[in-house]
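Participant: Have a look at this one.
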């Protein structure tokens with residue numbers, strides 16, 4: 001699914017109609033006898049501007065460095081004192097408030113290569129720029145702890161490196 005189409009569809013859908021129904025479709029497919037929760041990862045490929053998606057609403061550095069493209073505080077959906085959603089993400093606010101959505105902000109890795117392609121491989125494999133692995137962090141986890149037949153579901157044409165394991 002294209003990033004732009006995903007954002008458009010999720011912005012148009014009501015919060016409770018979109019994600020919980022999607023997850024409800026898989027209820028029972030993943031045994032949960034140990035109380036484990038399901039992890040849903042939405043990885044948007046392409047030119048997403050993270051600072052204008054999750055906006056640092058009380059950060060003067062952000063507003064001073066981006067005088068023409070910064071999102072006005074009044075045009076965000078406030079999540080807490082420090083950050084707000086871009087207004088097009090309004091349907092996700094209730095998920096955030098109910099504890100079904102978390103934001104992991106300011107994530108990086110040491111000695112970045114500044115190459116988009118190398119950085120993507122590092123993110124997908126959880127390795128370093130000197131020794132990029134052939135398997136992804138999710139794939140390795142599933143190789144060790146996954147249960148057949150439904151270890152993971154990906155909605156895309158190609159298997160993401162993050163999902164690639166030794167057995168796939």
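Participant: Along the Cα→Cβ direction, 7 angstrom out, place labels at residue 118 and residue 97. What is the inter-label distance in nm?
Facilitator: Label-label distance for residue 118 and residue 97, simple model: 4.5 nm.
Participant: Sticking with this one: Taking 0.36 nm per residue of separation and subtracting the Cα-Cα distance, what length does fully extending residue 159 through residue 105 add? Kindly include the intermediate steps, with their values, before the conclusion.
Facilitator: On the way: separation 54, 0.36 × 54 = 19.44 nm, distance 2.52 nm.
Here the segment from residue 159 to residue 105 would lengthen by 16.9 nm.
Participant: Using only the alpha-carbon atoms, what does region 52-168 span along each of its principal axes? Please give whole angstrom values in decreasing order.
Facilitator: Principal-axis extents of region 52-168 (Cα, largest first): 49, 35, 24 Å.
Participant: In Å, what is the Rg of the alpha-carbon atoms in region 79-126, and how long is Dmax?
Facilitator: Here Rg and the maximum Cα pair distance are 14.8, 37 Å.
Participant: Given region 109-168 reduced to its alpha-carbon atoms as identical point scatterers, what log10 I(q)/I(0) does the Debye formula return at q = 0.13, 0.29 Å⁻¹?
Facilitator: For the requested q values the scattering log ratios are -0.36, -1.18.
Participant: OK, next. For region 109-168, what is the relative contact order in percent, using Cα pairs closer than 8 Å and at least 6 residues apart in sequence? Write down the numbers at each step before the final one.
Facilitator: On the way: 61 pairs, mean separation 21.5, N = 60.
Result for region 109-168 is 36 percent.
Participant: Could you state the number of Å between the C-alpha centres of region 127-168 and region 59-95?
Facilitator: The two parts, judged by their Cα centres, are 33 Å apart.
Laboratory data are not the source of any read-out in this text; all were calculated from the coordinates shown. None of the values given here were measured: they were computed from a predicted structure. Heads up, the Cβs are rebuilt from the backbone with ideal geometry, glycines too, and the neighbour counts pull from every protein chain shown.
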